[in-house]
C-alpha cells in the first residue's frame with residue numbers, strides 16, 4: 001500500500017477488477033501477439049525457427065557474428081523444377097543435428113540417400129574442412145528434410161547482436177523483461 | 001471515496017483517467033446501474049485470444065514444431081481473427097465511451113476525450129429513453145475546476161459539473177446550485 005504511494009502509483013489501487021484485468025490483458029496481448037506472429041511466420045516458411053542469428057565466424061566474410069538471417073524451408077526438392085527451386089549447391093542452409101545451437105553453412109555437395117530422399121554435405125566458408133565432424137557420430141551427410149531448418153533467403157547485418165549480448169549476459173534479459181512488463185502494467189495509455 | 005486521488009498535473013492522461021474513474025461511483029450513489037457489457041466483451045475477446053496463444057505455446061513446446069504445426073495454423077488464424085475483432089470493437093463500438101448506465105428506464109452514455117496540449121475535459125452525454133429520440137449534450141470544461149493546485153481531486157465541483165451536464169440528473173441538487181451561484185459571483189467580480 002504505502003509502497004505504491006511512495007512510488008507515485010496510488011492510482012493503481014483505485015482501479016476496479018475490470019480495469020485491473022484490462023491492464024493485465026494489455027500486457028498479455030503484447031506477448032501473445034509477438035508469439036503468434038512468430039508462429040505465423042514459422043507456418044508460412046514451414047521452418048521451426050524462421051529467423052536466426054549468426055553466432056560464429058565460420059561463414060565470414062559472407063556473414064558476421066550478429067547478422068540476422070531469414071529462412072525458407074519449403075524447398076525440400078532435389079530438382080530445380082521441384083517446389084520453390086529445390087535446394088542447390090552454393091546455397092547457405094541452417095541445420096540442427098541435436099547440438100545446442102543451429103549451424104549456418106554452405107551446401108557443397110548433394111546426393112540421394114539409401115533411406116533418405118535428399119542429403120547434403122555442408123562446409124563453412126571460413127573453415128578448412130567440411131562439416132562431417134560436426135554431424136552426429138558415424139553420419140556423413142545431412143538429411144535435408146529432417147535436419148535442415150531452412151535455406152537463407154535474406155539477411156540484415158549486425159542487428160542480431162543484441163540477442164548475443166542478452167544470451168551471454170543473462171541478467172540483461174531479466175532486467176529488460178522486468179522493465180518492459182512494469183511499464184505496460186503501470187501505463188494506462 | 002475514502003481518500004482523495006492525487007494526480008500529476010502535467011500528465012493529461014492522468015487527469016482524464018482520474019476524472020473518468022470518478023464518474024461511476026458518483027452515478028452509482030445516485031441510483032444508476034452501470035452496464036459493463038462493453039468492457040466485458042473486450043475482456044472476453046482479449047482473454048480468449050490469449051488462451052489460444054497460451055495453448056499453442058504449450059502444445060508447440062511439448063509436441064514440437066512438426067507435430068504441432070497442423071493445429072498451430074488454425075490457432076494462428078483464429079488468434080488474428082479475434083485480435084481484429086477486438087480492435088474493431090475498441091475502435092468502433094467502445095470508442096471514447098467511459099460510462100454506460102441506466103436509471104428508471106433512462107439510459108445515459110458518457111464519452112470523454114482530451115486534445116493534445118489542452119487542459120480541457122470534453123464530455124459527451126447521450127440520453128436515451130425507449131420511444132424517444134436520443135438527446136446529445138456536449139461540454140468542454142477545464143480540469144482546473146476539480147483539481148486543486150497540488151493535484152488533489154475535489155469532489156464537489158465535479159459532481160456539480162455532472163449534475164449540470166447530464167440532463168437526466170435533476171439540476172436542483174445542492175452541489176449544482178452552489179456551482180451556479182459561484183459562476184454568477186465570478187462574473188460580477
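The values are calculated or read from the model by the stated rules, or taken from the named source; none is laboratory data. Being a predicted model, the structure only gives us computed values, none of them experimental. Cβ atoms come from the backbone with ideal geometry, glycine included; neighbour counts cover every protein chain shown.
Quickly run through the range B:81-92 and pick out the residues that are more than 11 Å from chain A (Cβ to nearest Cβ) and touching a helix residue (DSSP H, G or I) at 6+ places or on another chain (Cβ under 7 Å).
B:85, B:89
Can you pull out every residue in the range B:65-80 that is exposed (fewer than 13 other Cβ atoms within 10 Å of the Cβ) and more than 8 Å from chain A (Cβ to nearest Cβ)? First the steps, then the outcome.
The first filter runs over the range B:65-80 and keeps only residues exposed (fewer than 13 other Cβ atoms within 10 Å of the Cβ), leaving B:66-67, B:70, B:74.
B:67, B:70, B:74, listed by residue number.
How about the range A:37-70: which of its residues are assigned to a helix (DSSP H, G or I) and either modelled with pLDDT under 95 or under 14 Å from the mean Cα position of the chain (by Cα) (or both)?
At the first step, the residues of the range A:37-70 found to be assigned to a helix (DSSP H, G or I) are A:37-45.
Answer for the range A:37-70, where residues must be assigned to a helix (DSSP H, G or I) and either modelled with pLDDT under 95 or under 14 Å from the mean Cα position of the chain (by Cα) (or both): A:37, A:38, A:39, A:40, A:41, A:42, A:43, A:45.
Check whether at least one residue in the range B:97-119 is within 14 Å of another protein chain (Cβ to nearest Cβ), assigned to a helix (DSSP H, G or I) and exposed (fewer than 12 other Cβ atoms within 10 Å of the Cβ), and report yes or no.
no
Report whether or not residue A:22 is modelled with pLDDT of 95 or more, out of contact with any strand residue (DSSP E or B) (no Cβ under 9 Å at 6 or more places or on another chain) and at the interface with chain B (Cβ under 9 Å from one of its Cβ atoms). Before you say what the answer is, go through the steps one by one.
Details: modelled with pLDDT of 95 or more: no; out of contact with any strand residue (DSSP E or B) (no Cβ under 9 Å at 6 or more places or on another chain): yes; at the interface with chain B (Cβ under 9 Å from one of its Cβ atoms): yes.
When the stated conditions are applied, residue A:22 does not pass them.
Of all residues in the range B:28-38 being part of a helix (DSSP H, G or I) and modelled with pLDDT of 95 or more, which is surrounded by the most Cβ atoms within 10 Å (Cβ to Cβ)?
Residues of the range B:28-38 that are part of a helix (DSSP H, G or I), as a first pass: B:28-29, B:37-38.
Within this subset, residues satisfying the condition of being modelled with pLDDT of 95 or more are B:37-38.
Values: B:37: 10, B:38: 18.
Here the residue is B:38.
Sort out which residues of the range B:5-19 are surrounded by fewer than 18 Cβ atoms within 10 Å (Cβ to Cβ) and either within 10 Å of chain A (Cβ to nearest Cβ) or closer than 30 Å to residue B:78 by Cβ (or both), and write them in order of number. Steps first, answer last, please.
First, pick out the residues of the range B:5-19 that are surrounded by fewer than 18 Cβ atoms within 10 Å (Cβ to Cβ): B:8-11, B:13.
Correct list: B:8, B:11, B:13.
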